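A short worksheet on the structure shown next.
The values are calculated or read from the model by the stated rules, or taken from the named source; none is laboratory data. Computed from a predicted structure; not experimentally measured. Cβ placement follows ideal geometry from the backbone for every residue including glycine, while neighbour counts extend to all protein chains displayed. Accessible surface areas use protein heavy atoms only, side chains included; no ligands, DNA or RNA. Shrake-Rupley method; radii C 1.70, N 1.55, O 1.52, S 1.80 Å.
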Amino acid sequence: MAEPAKLVSAISDVAPAIPGLVWAFRLHSDGSAEALPIDQPIELSHDGRLWLHFNLTDARARQWLAAAEIPALARELLVSRDNYQQLHTIENCVYGVFSDLVRDVDAATEDTGFLRFAMTERLLISGRYQALCSVDATRRVLEGGHRVSNVAALLEKIIDEVADTMDRMADKIGTEIDGIEEQILAGAAKSDMRGALGRLRRTCVRLHRQLAGLRTLFHRLEHKNIDNLSPALRLQAGKLAQRLDGLDHDIVELRERSRLLEEEIHFKMEEESNRHLHALSIVTTLLLPPTLVTGVFGMNTKGLPLTDVEGGFLWAAALMIGSAGLAYLIMRRLGIVR
């Protein structure tokens, strides 16, 4: 009877699976990444490095993170609801919040989400409340055989994927703007184009806001003294900032292009409206003299001309036509009609 008791005791000593995990990878010394089953216990003391990615909407995941063996400030940020970008460094730990585009089933959306992370020499913990593009893209490239030398290189890859996602979004915006510009140059400006340009401009503003915050973080980190950090935690801040600067410059150019095209459509529509008003004014002016003639002959008083004349109607009609013709000649003389 002692053997079953020992078996029960051994089972109870096994660590449970980590709750709320979306995926987990172990990074080996050669840089290769091994996907780990999330429904089984994960040995945190292994000699390899780990990437644990959590779904923070799971309350059990937040409880596990609140007790994780990382600095208290990093734990607090991981389970917080802070929605502004930030990057902090303390001894043997880098933690912060990055913005990213929310991922739909098969593509990126224009909505903004936030990735929270804490990084030590042998562990990268990340979490999100919504599915994000950058971490999912990083997961796919790791499964495809991409190698990373340390956890800092893994975080840099995630940030690269943030930039790549926004770059693809910028290419899509640029293609749409090019199509609208071609139609404008062809003289086919329509009011619905202003709505499309307004939507594209709004997307550019959102992307610029995200990139401006993100590149500011890395410019600050570039000029910050990080000598106390382990080499395995030092991000290539200058390289990342340069990449984000170039992308932000492209986004700002697209925003300005959309604004200028929107103004051009507005001016073209105003010109068309003015042409219509001009034509209406000419027609109204031509009809004023005949209207005056009909008003005179419509008075119910004695002594009206042509009342007793055979063919008086024809004379009145000729008078109306002649007055309209005279008005036309006057407007032609004044340059109103060309």
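Just a few scattered comments:
- Amide hydrogen proximity for residue 23: with H placed 1.01 Å from N in the peptide plane, the residues at 5 or more positions away or on another chain lying under 5 Å are 53.
- Candidates 295, 198, 145: whichever shows maximal mean-square fluctuation once the chain is modelled as a Gaussian network with Cα springs under 10 Å: 295
- Calculated from backbone phi, Karplus (6.51, -1.76, 1.60) coupling profile of the range 104-109 in Hz, x at Gly/Pro: 8, 4, 10, 7, 7, 9
- Along each principal axis, Cα extent of the range 229-294, largest first, Å: 98, 13, 8
- Relative to the longest principal axis of the Cα atoms of the chain, helix 191-222 runs at roughly 30 degrees.
- Accessible area in square angstrom per residue, the range 39-137, 1.4 angstrom probe: 45 Å²
- Tail fraction, Cα-Cα pairs, the range 88-128, threshold 11 Å, whole percent: 66 percent
- Per residue Cα convex hull volume in Å³ - calculated over the range 33-153: 120 Å³
- Residue-wise HN-Hα coupling along the range 112-128, computed from phi with Karplus coefficients 6.51, -1.76, 1.60 (Hz; x: Gly, Pro): 9, x, 9, 9, 9, 8, 9, 10, 10, 4, 10, 8, 10, 10, 10, x, 8
- Distance in nm between pseudo-label sites at residue 44 and residue 164 (7 Å out along the Cβ direction from Cα): 3.0 nm
- For the chain, the alpha-carbon radius of gyration amounts to 1.81 times the rule-of-thumb value 2.2 N^0.38 Å expected for a compact globular protein.
- Accessible-area ranking of 51, 64, 23, largest first, probe 1.4 Å: 64, 23, 51
- If you count Lys pairs in the chain whose Cα atoms are under 24 Å apart, skipping same-chain pairs closer than 8 places in sequence, the total is 6.
- Spacing of the two label points (7 Å from each Cα toward its C-beta) at residue 104 and residue 326, in nm: 6.8 nm
- For residue 131, distant residues with modelled amide H under 5 Å away: 103
- Modelled spin labels at residue 270 and residue 63, positioned 7 Å past Cα toward Cβ, are 6.4 nm from each other.
- Alpha-carbon centroids, the range 43-89 and the range 116-135: separation in whole Å: 8 Å
- Across the range 305-320, computed HN-Hα scalar couplings (Karplus, 6.51 cos²θ - 1.76 cosθ + 1.60, θ = phi - 60°) run x, 6, 6, 10, 9, 5, x, x, 4, 5, 4, 5, 5, 5, 5, 5 Hz from first to last residue, x flagging Gly and Pro.
- Note: relative contact order over the range 43-119, using C-alpha pairs below 8 Å and six or more positions apart, is 21 percent.
- On Cα atoms only, tilt of 151-185 relative to the major axis of the chain in degrees: 10 degrees
- Backbone amide hydrogens, once placed in the peptide plane, bring residue 112 within less than 5 Å of 102, excluding anything fewer than 5 places away on its chain.
- FRET E, pair residue 284, residue 209, Förster distance 51 Å, beta-carbon r, rounded to 0.05: 0.50
- Expressed as a whole percent, the accessible surface of the chain that belongs to carbon and sulfur atoms is 55, based on a 1.4 Å probe.
- Measuring between their Cα centroids, the range 298-312 and the range 169-238 lie 78 Å from each other.
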